[in-house]
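Written below as structure tokens is the structure these notes are about.
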Amino acid sequence: MNILFVISSLNYGGAEKQTVIDANLLSSSNNVFLIAFNDGPQKEQLKEKVHYIQLSKNGYIQTAKKLADICRKNSIKVIHTSLFAPSIISAISTIYYKTNLVWYFHSHEYDIPTYSKVAFVFFARFNTVKKIFFVSLELRDFLSRRFFLPKRKLGILYNTTSFVKEFNAVKKDSSKIIIGYVGRLVELKRVKYLVDLTEYLIAKKHENFEVWIVGNGEEMKNLQKSIEMKNLVDYIKLLGFHKETQKYYAKFDIFILPSREECLSIALIDAITSGVPSLAFDVGGNNEIIKHNENGFIVKNKEELFEKAELLIENSSLRTMFSTKALNISNSKFSQISRSETLNKISKDVLKT
């Protein structure tokens, strides 16, 4: 089947990362194309089988016409789109070349203007928009109310782990407890909480631990300054951005996601796929990844985060129990094998409607 994915860019972000993963997965049994309006570093992650096209976005109508020409030329049967501009442009393109659309929502779209909201409401009712998927139950419920989306088209499709190979739990090769974070260093991620946690643990007489922060972003300098001012350089490692993160997850004993806002974090999914007991706040779809007191803890506030982190540091048997459960949950909900099977089924099903 000839299948097209459309995304705004190939920069680092959850929707972009998942789109690349999906294109690679479907390319093993389909003829897959991927269009991005802007290049980005994730282009390097595309398999050779995926036909990559960069399409300049010059107004929605003109870009939609160009997209329709590409679809016509390559006999595209199904278009999978994520984010606002690709979804609306793809819907408009079906006026010029009729094909089947599948929309994916990865964010709450808090800041979109009124005219964008109207566009979602209008185009969601196009007959060519066959299915609308959300990465979590919480996001589906929120956006279906906000955009008055047709209930018959709605579905849930969880993000998947970014790791190709399933991970088997192994003994961590470290005498210290490693607390890990992987992701962007931006304000909403609240990575500064890990600096505060380090101070808390030292005050509670815990010294046999380190905090590893893998990622980059606008908060890097502030974090570096805070770590140095508080004399925590022996406890906290700022490791910068790395494309290959699985080796770090393999060293983590505990994973912490302090974000104040999430939809469905791939970093958190990667943590449980690696068998790492995890902590996160009760926002977005975090509670669909972490089953409280089974493979980690969902916390309400900063103080509870610190208390649960300390509990996991002190209790190795609890970490082991959570690790086993984490692997089971990941295999059943977030594996690339199940994702590939679901995507193929979606593509075939929309042809029948």
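Since every read-out is calculated from the coordinates, none of them should be taken as a lab result. Nothing here was measured: the structure is a model prediction, and the numbers come from that model. Methodologically, a virtual Cβ is constructed for each residue, glycine included, from the backbone with ideal geometry; neighbour enumeration extends over all protein chains shown.
Going by how many other beta carbons lie within 10 Å of each one, how would you line up Leu137, Leu257, fewest first?
Sorted ascending by nearby Cβ count, the order is Leu137, Leu257.
Taking 0.36 nm per residue of separation and subtracting the Cα-Cα distance, what length does fully extending Ile202 through Asn2 add?
So the chain would gain 66.3 nm between Ile202 and Asn2.
Set the Förster radius R0 to 22 Å, insert the Cβ-Cβ distance between Lys221 and Val186 as r into 1/(1 + (r/R0)^6), and round the FRET efficiency to 0.05.
In this case the efficiency is close to 0.95.
Return the long-range amide H neighbours of Ile177 (sequence gap of 5 or more, or a different chain), with a cut-off of under 5 Å between placed amide H atoms.
Phe209, Glu210
When only DSSP loop residues count, what GluC sites (Glu not before Pro) in the range 222-282 have their Cβ near at most 12 other Cβ atoms within 10 Å?
Qualifying residues, ordered by number: Glu244.
Which residues does a label at Ser116 reach in the range 256-288, if reach means a backbone N under 17 Å from a point 7 Å past the Cα toward the Cβ?
Counting backbone N atoms under 17 Å from the label point, the list is 262-263.
What are the residues whose amide H is under 5 Å from the amide H of Ser162, where those residues sit 5 or more places off or on another chain and H is modelled from the backbone?
Asp270
Which ordering of Ser347, Ser265 is given by a fewest-first count of other beta-carbon atoms within 10 Å?
Final ranking by Cβ density, sparse to dense: Ser347, Ser265.
Assuming a ≥ b ≥ c are the square roots of the Cα gyration tensor eigenvalues, decide whether the chain counts as rounded (a/c under 1.5), prolate (otherwise, with a/b larger than b/c) or oblate.
prolate
Using θ = phi - 60° and the Karplus relation 6.51 cos²θ - 1.76 cosθ + 1.60, list the HN-Hα couplings for the range 122-131 in order, rounded to whole Hz, with x at every Gly or Pro.
Karplus-based 3J(HN,Hα) across the range 122-131 equals 5, 6, 4, 8, 4, 5, 6, 7, 7, 9 Hz.
Could you give the angle, 0 to 90 degrees to the nearest 10, between helix 316-333's Cα long axis and the longest principal axis of the Cα atoms of the chain?
Around 10 degrees separate the two axes.
Indicate the gyration tensor shape class of the range 294-336 (rounded, prolate or oblate), computed on the Cα atoms with a ≥ b ≥ c the square roots of the eigenvalues: a/c under 1.5 is rounded; otherwise a/b larger than b/c is prolate and the rest oblate.
oblate
Can you give me the C-alpha center-to-center distance between the range 225-269 and the range 33-98, rounded to a whole angstrom?
Value for the Cα centre distance between the two parts: 34 Å.
What nm value, rounded to one decimal, do you get for the distance between Ser56 and Asn301 when each label is placed 7 Å out toward the C-beta?
The modelled label-to-label distance comes out at 5.5 nm.
Spelling out what I want: for every residue of the range 16-26, take phi, set θ = phi - 60°, compute 6.51 cos²θ - 1.76 cosθ + 1.60 (Karplus), and round to whole Hz; glycine and proline get x.
Per-residue couplings from phi come out as 5, 4, 5, 4, 5, 4, 5, 4, 5, 4, 6 Hz.
Could you give me the ³J(HN,Hα) list for the range 230-245, computed from phi with Karplus coefficients 6.51, -1.76, 1.60 and θ = phi - 60°, whole Hz, x at Gly and Pro?
9, 6, 10, 5, 7, 10, 10, 10, 8, 8, x, 7, 9, 5, 9, 9
Taking H as built 1.01 Å from N, whose amide H comes closer than 5 Å to the amide H of Cys263, not counting residues under 5 places away?
So Cys263 has HN proximity to Gly285.
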